[in-house]
Amino acid sequence: MNLLIKNIAELLDIALKTTSFDEMLLLKNHSSMSIRRNLARNSNLNQEIIDFLLYDPVQNVSYIASINPNNKNFERTFTNLRPCVLCNKNQSDCDLCQETMSHSF
């Protein structure tokens, strides 16, 4: 499967459901935080990919990787998590989110 010709919606779905290690290796470095976050949620991740995502510079990704059920080696401690980090909603709804409107970033 050539991931380069996929649109963002398709890549989000692939990131969440793929069982292909090769696809995971490509997606873990994707420029989109949303794609890396969906990959961190993938129940098929192995520890190598989880370990990489644990140190993602975006807390939305690293936190999700830390709570992935396949994470056996390490759990980072997170404090003062923003509402966006804990949110499970589709990110296209962010503009109307009451949590972010009332949160002091």
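The values are calculated or read from the model by the stated rules, or taken from the named source; none is laboratory data. Small disclaimer: the values here were computed from a predicted structure and weren't measured. In this analysis, Cβ positions are derived from the backbone assuming ideal geometry, glycine residues included, and neighbour counts consider all displayed protein chains. These accessible areas exclude ligands, DNA and RNA; they are computed on the full protein's heavy atoms, side chains included. Shrake-Rupley method; radii C 1.70, N 1.55, O 1.52, S 1.80 Å.
Okay, here's what the table says:
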item	result
Residues located in the stretch 42-64, provided they are of a type in the set (A, V, I, L, M, F, W, C) and over 16 Å from Leu12 (Cβ atoms)	Ile49, Ile50, Phe52, Leu54
Residues that are surrounded by 17 or more Cβ atoms within 10 Å (Cβ to Cβ) and among the β-branched types (Val, Ile, Thr), drawn from the stretch 6-27	Ile14, Thr18
Per-region count, the stretch 28-37, residues open to solvent by 30 Å² or more (accessible area, probe 1.4 Å) and assigned to a helix (DSSP H, G or I)	1
Pair list, Cβ under 7 Å, 6 or more apart: the stretch 11-33 residue under 15 Å from Asn44 (Cα atoms), other residue part of a helix (DSSP H, G or I) and among the aromatic types (Phe, Trp, Tyr)	Lys28/Phe52
All positions within the stretch 38-61 that are at pLDDT 95 or above and open to solvent by less than 10 Å² (accessible area, probe 1.4 Å)	Leu39, Ala40, Asn42, Leu45, Ile49, Ile50, Leu53
Total residues in the stretch 15-27, condition assigned to a helix (DSSP H, G or I) and over 11 Å from Leu3 (Cβ atoms)	3
